[in-house]
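Coordinate-derived values only; no laboratory data. Predicted model, so just to flag it, every value in this text is computed and none were measured. Neighbour counts are summed over all protein chains in view; Cβ atoms, including those assigned to glycine, are modelled from backbone coordinates with ideal geometry.
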Amino acid sequence: MSIRKVTFQQAIEYEVITTSNIFHPQNWALLATGRVEDARRFVVVDANVEKHHAAAIRAHFDYHNVEAKIVAFPGGEEHKTLDHYLAIARELDAFPIHRRDEPIIAIGGGVLTDLVGFVAASYRRGVPYIKVPTTLMGYVDASIGIKTGFNFNGNKNRLGAFHAPQTVLLDKSLLKTLPRRHLLNGMCEIIKLAVIKDAELFDLLEAHGAQSVEAHFQNEQGGIILERAIEGMLEELEPNLFEEDLARRVDFGHTFSYGLETRHEAHLLHGEAVLLDILLSTLIARSRRLLTEDETNRIFRLTDALGIALDASILDPDLLHAALTERTYHRNGLQRAPMPHGIGDCTFLNDITADEITFAAKILEDWINIKHEIV
């Protein structure tokens with residue numbers, strides 16, 4: 001028997017750049033990586049973004065004499081599928097780009113950047129790409145990591161890959177046109193970080209969260225909240241980009257939400273499912289004395305103050321427990337469920353029971369229906 005060991009290490013390096021007026025011809029951010037002279041770009045744009053910015057995007061590439069193929073993508077979780085992956089791949093294959101110096105550009109929400117990222121990961125076994133998030137969810141969460149993929153066989157993100165972008169370009173002015181529901185959808189991911197990691201961010205949300213939503217995060221405090229959330233997310237992601245350690249703080253809110261999203265994809269946004277998970281987990285943490293009464297009520301009061309609409313009717317304990325079981329497979333045999341240990345800190349549980357879930361779901365359902373103090 002002959003055994004040969006092959007070892008190769010590849011550095012992962014990409015930039016997360018905050019800019020403004022990204023589609024202005026004098027802003028070079030979109031073309032800061034890759035060749036520009038006699039160049040081509042394959043650009044996938046969310047259809048809703050195209051309505052507002054199509055002319056500016058086209059004018060930007062025309063100004064720089066870059067041949068651009070712009071493809072509109074319908075957006076929405078229901079389109080994060082194999083069929084849409086193949087449709088984008090066919091468009092790309094009909095518009096050949098250089099393998100290394102003409103990056104694909106993805107402009108849209110997390111669904112789009114995840115899907116286009118997987119196209120980039122798999123086309124010619126990997127081509128560079130750039131992400132431009134246009135939703136708050138994408139801005140603070142989906143766009144700044146290296147996970148790509150799409151939903152398959154009734155399961156979220158079942159097919160995918162780790163594929164780092166060349167660049168992530170953040171322009172908060174793109175949030176101006178977001179509907180309120182989608183602003184609140186992204187806010188749920190910021191709440192996640194605040195509860196599990198950053199007590200000062202939680203204080204900021206209590207003091208300025210509602211006003212920042214009203215201002216579409218164009219106000220000074222909204223900008224501070226965004227920057228702090230991004231820094232916190234990157235602190236968690238950078239040392240564990242490939243998820244070798246499966247006990248991840250940023251999985252808070254992503255244990256029970258998996259089942260809710262899978263069953264109610266047609267009308268439940270990702271952040272709304274995450275917030276239901278956060279509140280359910282908060283109640284479990286309180287029952288384990290990981291949170292005080294005051295800390296528990298602060299989390300629920302913040303949710304109420306932000307005006308995030310929640311649907312109590314979908315809190316099926318059997319579904320929630322099934323989601324925990326599925327996540328246990330995903331986390332290699334242990335629940336590894338992140339739980340708040342005081343506001344701003346975290347611990348992991350591996351022994352959550354069906355009875356705990358049922359009890360917490362009943363309390364949460366009652367709170368949603370009548371909005372009173374939890375304890």
Debye-sum result for segment 77-116 in log10 I(q)/I(0), which assumes one identical scatterer on each alpha carbon, at q = 0.28, 0.35 Å⁻¹: -1.04, -1.18
Overall dimensions of segment 32-185 as given by Cα atoms, namely Rg and Dmax in Å: 14.5, 44
Segment 145-172-segment 302-375 distance, computed between alpha-carbon centres (Å): 25
Helix 220-237 vs. the chain, principal-axis angle (Cα, 0 to 90°, nearest 10): 90
Shape call, segment 149-308: gyration tensor on alpha carbons, a/c limit 1.5: rounded
Of Gly342, Gly154, Gly259, the one that fluctuates the most in a GNM where the chain has Cα springs shorter than 10 Å: Gly154
Calculated P(r) of the chain - Cα pairs past 30 Å, %: 39
DSSP beta bridges in the chain [antiparallel fraction, %, rounded to 5]: 30
Rounded FRET efficiency, nearest 0.05, which uses the C-beta distance separating Phe8 from Glu214 and R0 of 51 Å: 0.50
Relative exposure of Arg286, Arg180, Arg331, Arg4, judged by other C-beta atoms within 10 Å (fewest first): Arg4, Arg180, Arg331, Arg286
Set of lysines near Lys176 by C-alpha distance (under 19 Å), chain-local residues within fewer than 8 positions excluded: Lys51, Lys131
Angle between the chain longest axis and helix 293-306 axis [Cα atoms, degrees, rounded to 10]: 50
Derived scalar couplings ³J(HN,Hα) [segment 272-282; Karplus, 6.51 cos²θ - 1.76 cosθ + 1.60; whole Hz; x for Gly, Pro]: 5, 5, 4, 5, 4, 5, 4, 5, 4, 5, 4
Distance between segment 1-59 and segment 206-268 - C-alpha centres, whole angstrom: 23
Added length on full extension, which subtracts the Cα-Cα distance from 0.36 nm per residue, Glu91 to Asn240: 50.3 nm
Fewest-first ranking of Ile130, Ile88, using other Cβ atoms within 10 Å as the exposure measure: Ile88, Ile130
Proxy reagent accessibility, fewest Cβ within 10 Å first, across His270, His53: His53, His270
Crossing angle, helix 180-196 versus the chain [Cα axis fit, 0-90 degrees, rounded to tens]: 60
Pairs from Lys147/Lys197; Lys172/Lys192; Lys156/Lys362; Lys80/Lys362 whose Cα-Cα separation, in the structure shown, is over 24 Å: Lys156/Lys362; Lys80/Lys362
